[in-house]
1. Loop by DSSP (not H, G, I, E, B), at most 15 other beta-carbon atoms within 10 Å: where is the longest site-free stretch of the chain for trypsin sites (Lys or Arg not before Pro)?
2. Taking square-rooted eigenvalues a ≥ b ≥ c of the alpha carbon gyration tensor, is region 73-203 rounded, prolate or oblate, where a/c under 1.5 means rounded and, failing that, a/b exceeding b/c means prolate?
3. Rule-of-thumb check for the chain: C-alpha Rg over 2.2 N^0.38 Å?
4. For the chain, with only Lys/Arg (+1) and Asp/Glu (-1) charged at the beta-carbon, what is the dipole magnitude about the Cα centre, in debye rounded to 20?
5. If you place +1 on the Cβ of every Lys and Arg and -1 on the Cβ of every Asp and Glu, how big does the dipole about the Cα centre of region 117-274 come out, in debye to the nearest 20?
6. At a threshold of 8 angstrom on Cα-Cα distance, excluding pairs fewer than six apart, so keeping six or more, what relative contact order does the chain reach in percent?
7. I'd like the orientation of helix 93-111 relative to the chain: the angle between its Cα long axis and the longest Cα principal axis, in ° from 0 to 90, rounded to 10.
8. Round to the nearest 10 and report in Å² the accessible area of Leu169, as given by a 1.4 Å probe over the protein chains' heavy atoms.
Amino acid sequence: MLIFKQLVLGLLLPAIVGGGVFVLAAKSARNQTETGNGLSLGWLVGVALGIGYIVGYIGLEGVPPFPPREGVHWLCYLALIGLILGVFWHRALWRRLIPQVIVSIVVPRLLLNSAFKYTWGPLEGFIWWVCLAVVFFIFWNIVQQSFTLLPSGGWSPFVYFGLSGGTALILAISGSLRLAQHAGILVALFAAIWIITLLLRPDDEVPVFPIAASPVIALALAGIWMNGYFYEEVPVASAVLLLLSPFLTPVGQIEAIQRLGGRRSAVVQVVVIALPVVIAIGIAVAFSGLFGDNSGY
């Protein structure tokens with residue numbers, strides 16, 4: 001029964017639901033291009049990711065309590081918030097900026113409520129709050145920019161498939177199988193979108209992920225990472241390297257890399273982005289004691 005829940009409800013069902021909505025979004029976008037309709041349907045991609053994650057969450061955990069009692073309970077609500085924001089994310093920059101700042105400030109406080117109450121003092125808690133809010137805001141914008149900085153075709157979902165897969169592996173190695181399963185939901189979603197993209201629009205010059213997908217992706221990854229670092233035993237270096245990975249996306253704009261040609265430059269760019277994730281996995285393995293005593297103690 002446990003294997004059924006993990007594989008079918010936590011992986012297969014989210015991939016089917018999210019992939020199905022993504023197919024609808026892809027076909028609708030193609031019909032718009034052919035008919036000249038200017039109405040943006042980019043928000044459907046955010047819906048695909050948000051609904052897919054929520055389905056996987058409920059499959060693994062059931063309906064989360066409200067108000068949430070644990071940090072992991074917030075993950076479902078973060079996906080819902082990201083989904084709602086994505087519907088309105090096509091608006092002007094200043095209209096997006098206000099809710100983005102508010103969410104960046106509020107989410108760390110809600111997600112890490114027990115740490116604020118029982119672990120940190122007032123000054124330490126305030127410093128953590130400010131730092132996390134700033135980092136989350138910057139990370140969210142980096143995720144959004146990555147959609148246009150990464151090569152077209154299936155590269156974007158492939159990169160986030162790898163980032164989510166590395167996150168799931170690090171969490172599992174660090175002893176948090178529960179959180180690893182939630183990262184696995186993202187792995188299934190990005191894998192489905194990657195495969196569908198290769199089948200339906202392999203040579204499309206339009207980015208696979210519109211900006212409307214950034215709230216769901218940023219909130220989901222940040223929520224899982226904060227839970228993993230503050231409530232589980234993910235090594236500091238591994239957490240920092242996972243966060244660093246998307247920040248390396250602009251390396252594809254370096255002239256020397258662009259001169260390599262389309263496919264070669266794309267491969268180099270993805271390899272550079274993947275390198276911190278690979279190192280983060282190695283550090284997690286070293287700290288886990290799988291190959292002997294942990295030298296960190």
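The values are calculated or read from the model by the stated rules, or taken from the named source; none is laboratory data. Note that the coordinates shown come from a computational prediction; the quantities given were computed from them, not determined experimentally. Please note: Cβ atoms are built from the backbone with ideal geometry, for glycine as well, and neighbour counts cover all protein chains shown. Side chains are part of the model used for accessible areas, which takes the heavy atoms of the whole protein and leaves out ligands, DNA and RNA. Shrake-Rupley method; radii C 1.70, N 1.55, O 1.52, S 1.80 Å.
1. Numbers: sites that count: Arg69, Arg91, Arg259.
In the chain, the maximal stretch lacking such sites is 92-258.
2. Cα axes put region 73-203 in the oblate bin.
3. 0.99
4. Details: 14 positive and 11 negative charges, 98 e Å.
That gives the chain a dipole magnitude of about 480 debye.
5. Dipole size: approximately 120 debye.
6. 24
7. 30
8. The accessible area of Leu169 comes to roughly 80 Å².
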